[in-house]
Structures are given as C-alpha cells and as structure tokens.
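Values quoted throughout were computed directly from the atomic coordinates according to the rules given, and no laboratory measurement underlies them. Just so it is clear, the model here is predicted, and its values are computed rather than measured. Neighbour counts are summed over all protein chains in view; Cβ atoms, including those assigned to glycine, are modelled from backbone coordinates with ideal geometry.
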C-alpha cells in the first residue's frame, strides 16, 4: 500500500501542474477559470470563516441519516419480498419502474410537499439508496441453497431461527454489496438535493458559489465532495464489505490458504 503513495502523489502533481499551465494559455479571468492558487485561497477563506467545516458536518449528518434509513428499509423489504416468490414476481416490475425514476426528478415534488430543508434532503437520499439494497437483498435471499433451508427444517428450526441462522448469513455478502452501492448512490443524491433544497452543505456551496460567480469556491466544494467520499469509502465501506465477505466464506483470505 505504501509503495503506491509516491505514484498517487506524482499523479496529483501532474494534474495540478497541467491545471496551472493551462490558466495563462486559456487566458480567462479568475471569475471564470480559477487557478490552483485561487482555489487554495478560497479554501482558506471558507475554512477560516467557519463555512466549510459547518457545511461538511451538515452534509455528513444528512447523508448518514438517509443511508441508515434507506438501508434499513431496503433490507427489511428485501427479506420479506425475497422469502415469497409470488410476491417477488408481482412487485418486480413496480420496483424496476420506480428505480428508473432518479431522485432529481422527485426533489421538486418533495420541495412542494415538505418544503426546503432536512426532510426533503433525507427523503431524496433514502429514495436513491434503498433500491440497490432492496435488489441485492432479494437476490441474496432467493439464492440461498434450498438444501440449507431443508437441513434447518429437519433440525427443528423455527421461522425466526431459520431467518437468523440461515437466510440472513447466507444473504449477507450480497446485502453488503447492495449497501455499498446504495451508499454511493446516496452520496450523489445528497449533493443533488443540497443543490436544490438546502441552505447549507457541500451541494449548496457548489450551487450558490456558481450562482454568485465564485468558481474558486465551487471547485473547493467539488474537491471536498470527492475527498469526503474517498474517506467514507476507504475508511468505512470497503473494510466493512471485505470483512463481511471474508467472514461468511465467500472470499478465502491469504492466511487460510493451503
């Protein structure tokens, strides 16, 4: 892992150098095409004024709430639907229909119904994050080998024991995969919703700065958005997915190979 950092730093340096060189070549004022120095200055300003830390915390809180609710709803409905093939076949086209309607389309309606603010933003995140979890949970439940179910029944397992000891563990790798996909979709939903229905957050910073012709601040918001997602994905989602999949035997770790 450590050997990759010099290459990553070098790649970043090349991008920054190309960006800096392009500024005089393009010849546009900073109000249209900011330089790395302009963006750095804007970062210092919004941080010193307390705007950026406050907005980042607002975005994290909304994102965490939306993904938590979306995951809970997706897993619960996915297990309930996956356990009944008739219900699964009946609801499949309805789920696909709503899955095709992206959250951006819903945001204007949510604003009409609930106004600007936390509720609209969280609902948008829930909407966009619930479907990947739902799909993967249904697939995971329906893919549980029947021989495992029959074995549990033959040992006298109750429905609750069957669910806790067989269905959920066997489905967990796919559920976690759905959770990670839903979490990534939810992050984009967060930014879209904040651009339209918020008065704070990274999405609001990006949209508001562009409206006021402050592209350096817009780029600051974009960079912080990317860094925040890299942090969430690398520190929380990837390790969680890896540990879960290895725990339930889908992946054989290097230490267990013979």
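Residue count for the stretch 144-156 satisfying the condition of being under 18 Å from residue 79 (Cα atoms) and either touching a residue at least 12 places away in the same chain (Cβ under 8 Å) or in contact with a helix residue (DSSP H, G or I) (Cβ under 9 Å, 6 or more places away or on another chain) (or both): 5. Starting from residues that are in a helix (DSSP H, G or I) and touching a residue at least 60 places away in the same chain (Cβ under 8 Å), keep the ones in the stretch 82-118 and report whichever is surrounded by the fewest Cβ atoms within 10 Å (Cβ to Cβ). Filtering the stretch 82-118 for residues that are in a helix (DSSP H, G or I) and touching a residue at least 60 places away in the same chain (Cβ under 8 Å), the one surrounded by the fewest Cβ atoms within 10 Å (Cβ to Cβ) comes out as 108.
The listed residues are 29, 34, and the only one of them that is more than 28 Å from the chain's Cα centre (by Cα), loosely packed, with under 15 Cβ neighbours inside 10 Å, at negative phi and not in a helix (DSSP H, G or I) turns out to be 29.
Restricting attention to the stretch 169-219, the residues that are on the phi > 0 side of the Ramachandran plot and free of Cβ contacts under 8 Å to residues at least 60 places away in the same chain add up to 0.
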